[in-house]
Amino acid sequence: MQPSRRTVLGGAAATLALAWAAPRADAMGLSPLASSPSCVLDPHADKTDLRGIWIASVTNIDWPSRPGLPPAAQQAELVGYYDLAVAQHYNTVVVQVRPTADAFWPSSLEPWSKYLTGTQGVDPGYDPLAFAVAEAHRRNLEFHAWFNPFRITMNLTTDVTGLSPTHPAKVHPEWTVAYGGKLYYNPGVPEARAYCQAAIMDAVTRYDIDAVHFDDYFYPYPVAEQVFDDAAQYAQYGAGRSLADWRRDNINALITGLGSAIKAAKPWVKFGVSPFGVWMNQVNDPLGSATQAGVQTFTDLYADTRRWVQEEWIDYICPQVYWAESLAVADYNVIVDWWSKVVAGRNVHLYIGQATYKIGASTQSPEWNNLPQEMSNHLLFNSTRPEVDGNVYFSAKDVRANRLDGMGIVGRDWYRHPALVPPMPWIDASGPKAPKDLSASVGGSGTTVRWRAGDSTTVSYAVYRIPVTDKRVKPDDCVVADATNLVTTMRAVSGYQTWTDTSAGGQRYTYVITGLDRTWNESVPQQVTPR
């Protein structure tokens, strides 16, 4: 059950009352938190809030920063982004592992990515996906593996000579279409769709990923005076549908087929899509948004993203709302409000894709250069829409660059405390058993807390603290609901878990520990106060 939020704004967010529903008591008969206490909380500190960064590998945007780096250098770059995420209280990384029909893991279906070594098909000397997943989980970051389904080349020529000799595009040229100076798998070829799904499922079944992530590329963005040549396939498979409906059905088949395959293999793995932000302009469809966008996903990319939410084919949608609040043709607030209404009542989370790359660097959108607080203002608007469950920022190098201190403002305004990834009760609604055998002791380096997992479903922990002078010394009120009390989260280890509070100073605290399962359901809390 998700929190219901009521925010009252007065210039900036002023107060927030949260009716917090307690996790279900576990089988050990422990008492749950008090029944739905009403807690007045800091409106700038959501306890459950997806905070993600995209780490793009295509054309070496983020990682690796250039092809041919030694394995140790590649690994150091990625860990650097992860450590940045943890330090700034992010909880999710979205890492691109199949940028152009290639792989960041040893795959029997596709060649090694050229963005690793400079030459497609060359072994980089380690398993980047295994490393990426392990290091993310070591820091308790949720790992979303980012795949591009149909794109084969990014270069300005459609010549395939640079592809690996055994690349499926060479073996099956009938699966491909040249368009706009690039090469794509044709979504209208059933064998091509099945192959793309198999390539993705190879990673799903072999690696401990938390989610499968698509971006906005399905059918390619329109190129003036060029035709996407799928007439033969349309003649063969169209079955009386219009060309546009047939193309949309091809993409729907990919979404439903892959979604079903993911859940059959690993029910806990999430499936999310980050499309272009505008489904349809209202002038072209009364169900669309009050925008005048130059591209519409429904008619131009043949991606019926609104239907995917309505049918609950995906677990989250993360529209790329890459515009400022002041842009008349595509106002940020208008688009986020539209998506909030689309997801309302659906078992689908809404995260907003944010254009960090535009801050202080946009030649076409001067508002991004003149207003350092633009991004923080986006989150302020999001706080008025309870359907918004988080944000993802493009991309990692721009989060790190922090131009105009734009992301620094976001951190100070909104990310002063850690947050948990929002749970998805339609995947799993029962949390783990409460932690047990808690103890705490004060030493020279701080207060050390020790405990064990309540059961084997515990994957990580949340640690809260309150001063012992605080009258809320029992976790049966708003202590665990209040994100300002959340100190850290950490991955579970076998046996006893220990954590030292090095920032306690001379203050005595009561510590409250909860267990978290794979999908971030939280256990009944347990507390301990050092003697």
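The values are calculated or read from the model by the stated rules, or taken from the named source; none is laboratory data. On a predicted model such as this, the values are computed, not experimentally measured, just so you know. Note: ideal-geometry Cβ built from the backbone for every residue, glycine included; neighbour counts use all protein chains shown. In case anyone asks, the SASA skips ligands and DNA or RNA and just uses the protein heavy atoms, side chains included. Shrake-Rupley method; radii C 1.70, N 1.55, O 1.52, S 1.80 Å.
Out of all the residues in region 213-229, is one or more without any contact (Cβ under 8 Å) to a residue 60 or more places away in the chain and touching a helix residue (DSSP H, G or I) at 6+ places or on another chain (Cβ under 6 Å)? No, because not a single residue in region 213-229 is without any contact (Cβ under 8 Å) to a residue 60 or more places away in the chain and touching a helix residue (DSSP H, G or I) at 6+ places or on another chain (Cβ under 6 Å).
Quick check on my filter: what residues within region 259-313 are farther than 21 Å from residue 206 by Cα and β-branched (Val, Ile, Thr)? First the steps, then the outcome.
Start the filter on region 259-313 by keeping residues that are farther than 21 Å from residue 206 by Cα, which leaves 273-313.
Correct list: 273, 278, 283, 291, 295, 297, 299, 305, 309.
On the stretch given as region 368-398, residues that are surrounded by 19 or more Cβ atoms within 10 Å (Cβ to Cβ), under 15 Å from residue 50 (Cβ atoms) and not hydroxyl-bearing (Ser, Thr, Tyr) total 11. Six or more apart or on different chains, Cβ under 8 Å: which pairs go from a residue in region 398-421 that's at pLDDT 95 or above to one that's among the basic types (Lys, Arg)? Could you list them? Here the result reads 415/51; 419/47; 419/51; 420/47, each pair linking region 398-421 to a residue that is among the basic types (Lys, Arg).
Name, by its number, the condition in (1) within 26 Å of residue 63 (Cβ to Cβ); (2) out of contact with any strand residue (DSSP E or B) (no Cβ under 9 Å at 6 or more places or on another chain); (3) not hydrophobic (A, V, I, L, M, F, W, C) that does not hold for residue 393. So residue 393 meets the others, but not (2).
Determine which member of the set 469, 457, 502, 489 is at pLDDT 95 or above and more than 29 Å from residue 388 (Cα to Cα). Can you show your working first?
Working: 469 fails: at pLDDT 95 or above; 457 fails: more than 29 Å from residue 388 (Cα to Cα); 489 fails: more than 29 Å from residue 388 (Cα to Cα).
Only one candidate qualifies: 502.
Is it the case that residue 246 is among the aromatic types (Phe, Trp, Tyr), over 19 Å from residue 304 (Cβ atoms) and touching a residue at least 12 places away in the same chain (Cβ under 8 Å)? Against the criterion (among the aromatic types (Phe, Trp, Tyr), over 19 Å from residue 304 (Cβ atoms) and touching a residue at least 12 places away in the same chain (Cβ under 8 Å)), residue 246 does not qualify.
Looking for something closer than 19 Å to residue 282 by Cβ, of a type in the set (Gly, Ala, Ser) and in a helix (DSSP H, G or I) - is there at least one such residue anywhere in region 382-397? Show your work before the answer.
Applying the first criterion (closer than 19 Å to residue 282 by Cβ) to region 382-397 yields 385.
Within this subset, residues satisfying the condition of being of a type in the set (Gly, Ala, Ser) are none.
Within region 382-397, not a single residue is closer than 19 Å to residue 282 by Cβ, of a type in the set (Gly, Ala, Ser) and in a helix (DSSP H, G or I).
Within region 282-299, residues that are without any contact (Cβ under 8 Å) to a residue 12 or more places away in the chain sit with their Cβ atoms under 8 Å from residues that are small (Gly, Ala, Ser), at 6+ positions apart or across chains, in these pairs: 282/288; 282/289; 282/290. Residue pairs whose Cβ atoms lie under 6 Å apart, sitting 6 or more positions apart in sequence or on different chains, and linking a residue in region 317-336 that is touching a residue at least 24 places away in the same chain (Cβ under 8 Å) and open to solvent by 30 Å² or more (accessible area, probe 1.4 Å) to a partner that is of a type in the set (S, T, N, Q) and assigned to a loop (DSSP other than H, G, I, E, B), are 329/292.
Suppose the filter is touching a residue at least 24 places away in the same chain (Cβ under 8 Å) and surrounded by fewer than 23 Cβ atoms within 10 Å (Cβ to Cβ); does residue 86 pass it? Before you say what the answer is, go through the steps one by one.
Values: touching a residue at least 24 places away in the same chain (Cβ under 8 Å): yes; surrounded by fewer than 23 Cβ atoms within 10 Å (Cβ to Cβ): yes.
In short, yes.
Within the option set 11, 118, being surrounded by fewer than 17 Cβ atoms within 10 Å (Cβ to Cβ), modelled with pLDDT of 75 or more and of a type in the set (Gly, Ala, Ser) holds for one residue only, 118.
Tell me, yes or no, whether region 185-200 has at least one residue that is touching a residue at least 24 places away in the same chain (Cβ under 8 Å), open to solvent by 20 Å² or more (accessible area, probe 1.4 Å), part of a helix (DSSP H, G or I) and within 30 Å of residue 321 (Cβ to Cβ). Yes: region 185-200 contains one or more residues that are touching a residue at least 24 places away in the same chain (Cβ under 8 Å), open to solvent by 20 Å² or more (accessible area, probe 1.4 Å), part of a helix (DSSP H, G or I) and within 30 Å of residue 321 (Cβ to Cβ).
Could you check, for region 445-463, whether at least one of its residues is touching a helix residue (DSSP H, G or I) at 6+ places or on another chain (Cβ under 6 Å), within 11 Å of residue 527 (Cβ to Cβ), in contact (Cβ under 8 Å) with a residue 24 or more places away in the chain and of a type in the set (Val, Ile, Thr)? Please lay out each step first, then the result.
So the first thing to find is which residues in region 445-463 are touching a helix residue (DSSP H, G or I) at 6+ places or on another chain (Cβ under 6 Å), and the list is none.
No.
Determine, yes or no, whether residue 216 is part of a loop (DSSP other than H, G, I, E, B), charged (D, E, K, R) and surrounded by 15 or more Cβ atoms within 10 Å (Cβ to Cβ). When the stated conditions are applied, residue 216 passes them. Only a single item in (1) crowded, with 24+ Cβ neighbours inside 10 Å; (2) in a loop (DSSP other than H, G, I, E, B) is not met by residue 362, and it is number (1).
Would you check if residue 99 is buried (at least 21 other Cβ atoms within 10 Å of the Cβ) and in contact with a strand residue (DSSP E or B) (Cβ under 8 Å, 6 or more places away or on another chain)?
Working: buried (at least 21 other Cβ atoms within 10 Å of the Cβ): yes; in contact with a strand residue (DSSP E or B) (Cβ under 8 Å, 6 or more places away or on another chain): yes.
Criteria met by residue 99.
Each row is one residue, and each column tells you yes or no for (1) farther than 14 Å from residue 98 by Cβ; (2) modelled with pLDDT of 95 or more; (3) open to solvent by 40 Å² or more (accessible area, probe 1.4 Å).
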| site | (1), (2), (3) |
| --- | --- |
| 128 | no, yes, no |
| 134 | yes, yes, yes |
| 146 | no, yes, no |
| 155 | yes, no, yes |
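Just one of the listed residues (105, 112) is over 17 Å from residue 144 (Cβ atoms) and not β-branched (Val, Ile, Thr), namely 112.
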